[in-house]
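First the structure, in the form of structure tokens, and then the observations on it.
The values are calculated or read from the model by the stated rules, or taken from the named source; none is laboratory data. A quick note: this is a predicted structure, and the numbers were derived from the prediction, not measured. Note that each Cβ is placed from the backbone with ideal geometry, even for glycine, and that neighbours are counted across all protein chains shown. Ligands, DNA and RNA are excluded from the accessible area calculation, which covers all protein heavy atoms including side chains. Shrake-Rupley method; radii C 1.70, N 1.55, O 1.52, S 1.80 Å.
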Amino acid sequence: MTTAAYDAIADWYEDYVTNSAGDYSRRVRDVLAGLLGTGPGRCLDLCCGTGAHAAELRRLGWDPVGIDLSAGQLRHARGRLPVARADATALPLPDAAVPAAVCVLAHTDMPDYPATIAEAARVLTPGGRLVHVGVHPCFCGAFADRSDPERIVIDGGYAERARTFRSWNSTGVRARVGAWHVPLGELLTAVARAGLVLTRIEESGSGPVPDILAFQATKPTP
């Protein structure tokens, strides 16, 4: 199995996501809760990482299960939810297995996120929902200098899709593991091609320019 980029920084990331990025993580959980809604039922946490969102999923009444490629991240996650080490583009689940799936802050960690959306659609039950919460593809990335929160500077790199370690923040996650960029059009087209229906889209930020794009998509019933 491919070595995951986060294996080398799993302990650092556990501290970062719960402490240094605590305020951002709370904003992310608020957006997640608003789009996912309440259970009951099993909720698949795609690319669950350290399991940072498991408690929120349980608070909403869901029974979370996680998958991630990083053995290092899963060391932390196992104490928070049942997990399996697996590739999000080849889920070890049968068709129509879960009523809900979430993917939080992970789409830039995969070279083929549309394949992950397709797999999520496959394992959702009819009427099931997928919630995506991620960095805003128009305003966050190697092409976006966010050092001044009041004025985001965008360069020509928006069209680039290759993995890059370039970042305005030399101490953040992206400078350590890199990122693949998924433009907005490609992201939303992947939802349609997977046979899902977009039901809500939200933009969120602590300042005037959003740093989060999130959506809810549902699997049509026959």
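Protection proxy ranking for 5-17, 107-119, 148-160, 191-203, using the average of other Cβ atoms within 10 Å per residue and placing the highest first: 107-119, 5-17, 191-203, 148-160. What part of the accessible area of region 1-109, given as a whole %, is carbon or sulfur when the probe is 1.4 angstrom? Of all accessible area on region 1-109, carbon and sulfur atoms account for 50 percent. Computed from the Cβ-Cβ distance with R0 of 30 Å, the FRET efficiency linking Arg75 to Glu186 stands at 0.40. The Cα center of region 173-218 and the Cα center of region 31-52 differ in position by 16 Å. DSSP finds beta bridges in region 78-212, and of those with both partners inside it, around 45 percent are antiparallel.
Rolling a 1.4 Å probe over the protein heavy atoms gives region 101-179 an accessible area of 43 Å² per residue.
In the context of the full set of protein chains, region 24-73 has a per residue accessible area of 34 Å² (1.4 Å probe). Extension gain for Asp112-Ala84 works out to 8.1 nm (0.36 nm per residue, less the C-alpha to C-alpha distance).
Compare the Cα positions of Pro111, Leu60, Ala90 along the charge dipole of the chain (+1 at Cβ of Lys, Arg; -1 at Cβ of Asp, Glu; about the Cα centre) and return the one farthest towards the positive end. Result: Leu60, furthest along the dipole toward the positive end. Summary of packing: across the peptides 85-95, 43-53, the per-residue average of other C-beta atoms within 10 Å ranks them, highest first, as 43-53, 85-95. Computed from point charges on the beta carbon alone (+1 for Lys and Arg, -1 for Asp and Glu), the dipole magnitude for region 85-222 about its Cα centre is near 280 Debye. Could you calculate the FRET efficiency of Asp30 with Val197 from 1/(1 + (r/R0)^6), where r is the beta carbon distance between them and R0 is 22 Å, rounded to 0.05? Calculated transfer efficiency: 0.40.
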